[in-house]
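Asker: Have a look at this one before I ask anything.
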Amino acid sequence: MASYALLNQALADRLGLHPTDLQCLNLLTLEPGPVTTGRIAELTGLTTGSATRLVDRLERAGYVVRARDAGDRRLVLVAPVPERVAEVARVWERVGSGWFALFDDLDDRELALFVEHMRRTTEYGAEQAARLRAGEPMPVGAGGREAVAGQAE
C-alpha cells in the first residue's frame, strides 16, 4: 500500500499535481460526463469546500474546465480536458507498461484468486470508509471493545 502511495506521489510530482488532484482526475475520467463539484466531493470523500479548492488547482493547471449546465444554469459542471488527460495517460504508460508482465507467470486459477481478492478488498475498503465517515461503530478490535469512528480508543 505504501509503495502505491509513493508511486502516486512520484507520478503527481512528475505532472506538477498534488496526489489527491491526480486521483480526482482519474476518477473524473471514469465518470460518464461532466460532474458537479458536489459529485467530486462524493467521489473523493472531501468536503465541498476542499473539492472546490481541488477543482481550482486542476483548472489552474489546465486539467479541467468549468462550464454552466445547459439544462440548469445554476449548476457548474467540471470536465477533464482530453489533451491533458492524454498527457497523463502517456506518462502512466511509460511508468506502468511493465505492470501486466507481473502477472504473466500466473495461471488462470491464480489470476482469478488475485482478481477476487482485489474485488473483495476494494469493496471492504469502501464499506469501511463509509462507516468511518458516518461515525458508525467499528468492528471489535484487538482491545476487545467496539471503537467509534472519529474517537480515540
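The values are calculated or read from the model by the stated rules, or taken from the named source; none is laboratory data. In this text the structure is predicted, and so the values were computed from the model without any measurement. So basically every Cβ, Gly included, is an ideal-geometry build from the backbone, and we count neighbours across all protein chains shown.
Asker: Right, residue 91: surrounded by 12 or more Cβ atoms within 10 Å (Cβ to Cβ) and out of contact with any strand residue (DSSP E or B) (no Cβ under 9 Å at 6 or more places or on another chain) or not?
Answerer: Yes, satisfied.
Asker: Follow-up question, since we're still on this one. Every residue in the range 122-153 that is within 18 Å of residue 47 (Cβ to Cβ) and at pLDDT below 60, please.
Answerer: Residues satisfying the conditions are 149, 150.
Asker: Here's something else I'd like to know. For residue 72, are the conditions met, namely being over 27 Å from residue 125 (Cα atoms), free of Cβ contacts under 8 Å to residues at least 60 places away in the same chain and more than 18 Å from the chain's Cα centre (by Cα)?
Answerer: yes
Asker: Check residue 79 against each of (1) modelled with pLDDT under 85; (2) in the same structural domain as residue 26 (by TED's automatic domain parsing); (3) small (Gly, Ala, Ser) and name the one condition it does not meet.
Answerer: So the condition that residue 79 fails would be (1).
Asker: Any residue in the range 80-100 that's closer than 29 Å to residue 67 by Cβ: show its pairings with residues that are of a type in the set (Ser, Thr, Tyr) at Cβ separation under 7 Å, as long as the two are six or more apart or on different chains.
Answerer: Partner pairs satisfying both residue conditions: 80/29; 80/63; 81/63; 84/63; 85/29.
Asker: Confirm whether residue 54 is in contact with a His (Cβ under 9 Å, 6 or more places away or on another chain), of a type outside the set (Asp, Glu) and modelled with pLDDT of 95 or more.
Answerer: Judged against the criteria, residue 54 is a match.
Asker: Give the range 114-135 a look and list any residue that's closer than 24 Å to residue 100 by Cα and either in contact (Cβ under 8 Å) with a residue 40 or more places away in the chain or among the small types (Gly, Ala, Ser) (or both), or say none.
Answerer: Within the range 114-135, just 125 meets the criteria.
Asker: Quick one: residue 44 ticks every box in (1) modelled with pLDDT of 95 or more; (2) under 16 Å from the mean Cα position of the chain (by Cα); (3) β-branched (Val, Ile, Thr) bar one, so which box is it?
Answerer: Answer for residue 44: the failing condition is (1).
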